[in-house]
Amino acid sequence: MPTPKPIPGSILAPMSFPKVGGGTVTVGGNRPNWTLFVVYRGKHCPRCKKYLNILNGMLGDWTAAGFDVAVVSADPLEKAQADKGAFGWDFDLGYDLSETQMETLGLYVTDPLSDAETIRRFAEPGTYVIRPDGSLLLIALSNGPSARPELSELLDGMIFTKENNRPPRGTV
């Protein structure tokens with residue numbers, strides 16, 4: 001039986017990924033700040049690059065609002081390094097997202113169309129906002145590359161949510 005999808009308000013146990021440049025990226029569990037956590041499809045996805053370039057341009061706005069930003073894909077180190085180098089992303093970039101982690105996060109998983117795309121299963125996009133106590137405030141999942149939260153609208157909503165201590169929605 002598959003793992004049930006995560007529920008807003010539930011606690012995300014700490015989850016770690018190796019980080020491009022060394023160390024690890026950890027999301028979930030008790031953290032000092034709120035976290036914007038983005039899962040992207042990988043190096044083969046041009047829509048991901050567009051989205052992550054927008055995120056990188058807004059990184060200062062997210063951090064000024066009290067958010068840590070973490071991004072991860074199932075890509076191996078070499079592909080993640082190539083993307084970070086090519087685009088100059090400043091956010092923490094993790095790699096080697098496992099299928100078990102994909103399942104825990106409730107992500108949709110895709111088999112590659114060909115070796116030209118990639119040689120392993122990968123996660124479709126997911127965006128999470130995690131409170132400092134590890135609880136999931138927002139979960140936005142897509143089964144394809146074209147549907148993702150618009151980042152400036154999301155930031156505006158998250159600032160309002162923080163300032164007004166709004167609860168997670170969609171819990172029933």
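The values are calculated or read from the model by the stated rules, or taken from the named source; none is laboratory data. Just so you know, these numbers come straight off a predicted model, no measurement behind them. Backbone-built Cβ (ideal geometry, glycine too); neighbour counts: all protein chains shown.
How many residues are among the basic types (Lys, Arg) and within 15 Å of Leu93 (Cα to Cα) when one looks only at segment 41-64? Steps first, answer last, please.
Filtering segment 41-64 down to residues among the basic types (Lys, Arg) leaves 41, 43, 47, 49-50.
With within 15 Å of Leu93 (Cα to Cα) added as a condition, the list becomes 41, 43, 49.
Matching residues across segment 41-64 total 3.
So if I check each of Asp68, Asp96, which one is among the acidic types (Asp, Glu), in contact (Cβ under 8 Å) with a residue 24 or more places away in the chain and in a loop (DSSP other than H, G, I, E, B)?
Going through Asp68, Asp96 in turn, just one is among the acidic types (Asp, Glu), in contact (Cβ under 8 Å) with a residue 24 or more places away in the chain and in a loop (DSSP other than H, G, I, E, B): Asp96.
For segment 117-134, which residues satisfy the criterion of being exposed (fewer than 15 other Cβ atoms within 10 Å of the Cβ), farther than 30 Å from Thr161 by Cβ and in contact (Cβ under 8 Å) with a residue 12 or more places away in the chain? It would help to see each step written out before you state the result.
At the first step, the residues of segment 117-134 found to be exposed (fewer than 15 other Cβ atoms within 10 Å of the Cβ) are 119-121, 132-133.
With farther than 30 Å from Thr161 by Cβ added as a condition, the list becomes 119-121.
Within segment 117-134, Arg120, Arg121 meet the criteria.
Arg47 passes all but one of (1) under 14 Å from the mean Cα position of the chain (by Cα); (2) part of a helix (DSSP H, G or I); (3) of a type outside the set (Ser, Thr, Tyr); (4) within 23 Å of Val109 (Cα to Cα); which number fails?
Failing condition for Arg47: (1).
Scan Ile159, Ile139 and give me the residue that is touching a Phe, Trp or Tyr at 6+ places or on another chain (Cβ under 8 Å), modelled with pLDDT of 95 or more, of a type outside the set (Gly, Ala, Ser) and over 14 Å from Ser73 (Cα atoms). Step through it out loud before you land on a result.
Values: Ile159 fails: touching a Phe, Trp or Tyr at 6+ places or on another chain (Cβ under 8 Å).
Sole residue among the options that is touching a Phe, Trp or Tyr at 6+ places or on another chain (Cβ under 8 Å), modelled with pLDDT of 95 or more, of a type outside the set (Gly, Ala, Ser) and over 14 Å from Ser73 (Cα atoms): Ile139.
Quick grid of which residues meet (1) at pLDDT below 95; (2) touching a Leu at 6+ places or on another chain (Cβ under 7 Å); (3) in a helix (DSSP H, G or I):
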{"residue": "Pro2", "(1), (2), (3)": "yes, no, no"}
{"residue": "Ser16", "(1), (2), (3)": "no, no, no"}
{"residue": "Gly22", "(1), (2), (3)": "no, no, no"}
{"residue": "Phe37", "(1), (2), (3)": "no, no, no"}
{"residue": "Leu52", "(1), (2), (3)": "no, no, yes"}
{"residue": "Asn56", "(1), (2), (3)": "no, no, yes"}
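With (1) surrounded by 15 or more Cβ atoms within 10 Å (Cβ to Cβ); (2) of a type in the set (D, E, K, R); (3) not in a loop (DSSP other than H, G, I, E, B) as the list, and Glu78 as the residue in question, which single condition is left unmet?
Evaluating Glu78 over (1) surrounded by 15 or more Cβ atoms within 10 Å (Cβ to Cβ); (2) of a type in the set (D, E, K, R); (3) not in a loop (DSSP other than H, G, I, E, B) leaves (1) as the failure.
For the condition of a type outside the set (A, V, I, L, M, F, W, C) and either within 19 Å of Asn56 (Cβ to Cβ) or in contact with a Cys (Cβ under 7 Å, 6 or more places away or on another chain) (or both), what is the one hit in Pro145, Pro168?
On inspection, the qualifying residue turns out to be Pro145.
In segment 99-119, which residues are over 14 Å from Phe37 (Cα atoms) and in contact with a helix residue (DSSP H, G or I) (Cβ under 9 Å, 6 or more places away or on another chain)?
Tyr108, Val109, Thr118
If you check Leu36, Leu52, Leu59, which single one turns out to be under 18 Å from Lys162 (Cβ atoms), crowded, with 21+ Cβ neighbours inside 10 Å and of a type outside the set (Val, Ile, Thr)?
Selected residue: Leu36, the only one of Leu36, Leu52, Leu59 that is under 18 Å from Lys162 (Cβ atoms), crowded, with 21+ Cβ neighbours inside 10 Å and of a type outside the set (Val, Ile, Thr).
Give the residue, chosen from Gly85, Gly29, that is outside any loop (DSSP other than H, G, I, E, B) and either in contact (Cβ under 8 Å) with a residue 12 or more places away in the chain or out of contact with any Ser or Thr (no Cβ under 6 Å at 6 or more places or on another chain) (or both).
Of the residues listed, the single one that is outside any loop (DSSP other than H, G, I, E, B) and either in contact (Cβ under 8 Å) with a residue 12 or more places away in the chain or out of contact with any Ser or Thr (no Cβ under 6 Å at 6 or more places or on another chain) (or both) is Gly85.
Taking segment 81-95 on its own, how many of its residues are within 26 Å of Ile11 (Cα to Cα) and loosely packed, with under 15 Cβ neighbours inside 10 Å?
Initial filter on segment 81-95 (within 26 Å of Ile11 (Cα to Cα)): 91-95.
Checking which are loosely packed, with under 15 Cβ neighbours inside 10 Å leaves us with none.
Residues flagged as within 26 Å of Ile11 (Cα to Cα) and loosely packed, with under 15 Cβ neighbours inside 10 Å within segment 81-95 amount to 0.
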